[in-house]
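Chemist: Structure incoming, see below.
The values are calculated or read from the model by the stated rules, or taken from the named source; none is laboratory data. On a predicted model such as this, the values are computed, not experimentally measured, just so you know. Using ideal geometry, Cβ is built from the backbone for each residue, glycine included, and neighbour counts are taken over all protein chains shown.
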Amino acid sequence: MDLWELLKTGGATIYILLGCSVLSIGIIIERCVYYRMRSKIKREEFMLYISEELEKGRINSAVEICEATDTPFSKVVQIGLSFAEHDEKVMESAMERGITAETVELEKFTSVVGTIGSTAVYIGLFGTVLGIIRAFGDISKSGSGGMSVVISGISEALVCTAAGLCVAVPAVIAYNYFIKRVDGFVTDMELCASETHDLLMSTK
């Protein structure tokens, strides 16, 4: 069967799964591009530039480097540098808030993919149940259980089950990948915050 025949066979459940699939794919593409754009600069390389500037006492130059670098950890470092003249605890709290804010941005939309991954299978099973109910309804109306009577309902059931799995599996894989990437970004931000703190304390 072609795509149109599959849609007609699966019934309303297929359209729900199709919408979930489109939404999931859109978010996956957007998040992959977002993460890729913000991981072009390595943390070690970035902090080497920052440490060189701070050792020379050029905090303004270090801030400019942060502004020119579009990564989560550069924003955290920039916050730390902006609070360099404040109390140590104030600076640490500011960087912690920066890490929290960046983490929220990194996790944006990922819960939607996770939800689709966990519910698409059940939506497919719902379509399966509807298909079986339809098959038994056809049997009761015809008074017999011939294959020609029940084939439509069984087809709907099988198509919905397969569609639910096709939507759920990529979504779950993508969600797990997103969680791993976010954890990596958070680790980088925490390491940069700690290193920035040590650099600023050593220059005072």
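Chemist: Filtering region 73-109 down to residues that are acidic (Asp, Glu) and either in contact with a Leu (Cβ under 8 Å, 6 or more places away or on another chain) or in a helix (DSSP H, G or I) (or both), which residue is farthest from residue 25 (Cα to Cα)?
Modeler: Looking only at region 73-109, we keep the residues that are acidic (Asp, Glu), and these are 85, 87-88, 92, 96, 102, 105, 107.
From what is left, the residues that are either in contact with a Leu (Cβ under 8 Å, 6 or more places away or on another chain) or in a helix (DSSP H, G or I) (or both) are 88, 92, 96, 102, 105.
Values: 88: 44, 92: 38, 96: 32, 102: 23, 105: 19 Å.
Selected residue: 88.
Chemist: Next question. Which numbered condition trips up residue 57, out of (1) at positive phi; (2) assigned to a helix (DSSP H, G or I); (3) among the small types (Gly, Ala, Ser)?
Modeler: If we test residue 57 against (1) at positive phi; (2) assigned to a helix (DSSP H, G or I); (3) among the small types (Gly, Ala, Ser), just (2) comes out false.
Chemist: Moving on. What are the residues in region 78-103 that are under 24 Å from the mean Cα position of the chain (by Cα), within 14 Å of residue 196 (Cα to Cα) and surrounded by fewer than 19 Cβ atoms within 10 Å (Cβ to Cβ), if any?
Modeler: Answer for region 78-103, where residues must be under 24 Å from the mean Cα position of the chain (by Cα), within 14 Å of residue 196 (Cα to Cα) and surrounded by fewer than 19 Cβ atoms within 10 Å (Cβ to Cβ): just 96.
Chemist: Among the residues of region 104-129, how many are farther than 30 Å from residue 51 by Cβ, within 24 Å of the chain's Cα centre (by Cα) and not hydroxyl-bearing (Ser, Thr, Tyr)?
Modeler: 11
Chemist: Same structure again: Among the residues of region 115-157, write down those that are more than 21 Å from residue 30 (Cα to Cα), at pLDDT 90 or above and surrounded by fewer than 14 Cβ atoms within 10 Å (Cβ to Cβ).
Modeler: Within region 115-157, just 122 meets the criteria.
Chemist: Here's another thing I want to ask about it. If you check every pair at least six apart or on different chains, which have Cβ atoms under 8 Å apart with a residue in region 160-189 that is farther than 30 Å from residue 15 by Cβ and in contact (Cβ under 8 Å) with a residue 40 or more places away in the chain first and a residue that is part of a helix (DSSP H, G or I) and of a type in the set (Ser, Thr, Tyr) second?
Modeler: Partner pairs satisfying both residue conditions: 181/35; 182/103; 182/110; 185/35; 185/103; 186/103; 189/103.
Chemist: Quick one: in region 1-43, of everything that is modelled with pLDDT under 85 and outside any helix (DSSP H, G or I), which residue is farthest from residue 113 (Cα to Cα)?
Modeler: Among them, the one singled out is 1.
Chemist: Hey, residue 75 hits all of (1) over 14 Å from residue 195 (Cβ atoms); (2) free of Cβ contacts under 8 Å to residues at least 12 places away in the same chain; (3) surrounded by 13 or more Cβ atoms within 10 Å (Cβ to Cβ) but one; which does it fall short on?
Modeler: With respect to (1) over 14 Å from residue 195 (Cβ atoms); (2) free of Cβ contacts under 8 Å to residues at least 12 places away in the same chain; (3) surrounded by 13 or more Cβ atoms within 10 Å (Cβ to Cβ), residue 75 is out only on (2).
Chemist: Another one. Is it true that residue 112 is touching a residue at least 60 places away in the same chain (Cβ under 8 Å), assigned to a helix (DSSP H, G or I) and buried (at least 16 other Cβ atoms within 10 Å of the Cβ)? Show your work before the answer.
Modeler: Numbers: touching a residue at least 60 places away in the same chain (Cβ under 8 Å): yes; assigned to a helix (DSSP H, G or I): yes; buried (at least 16 other Cβ atoms within 10 Å of the Cβ): yes.
When the stated conditions are applied, residue 112 passes them.
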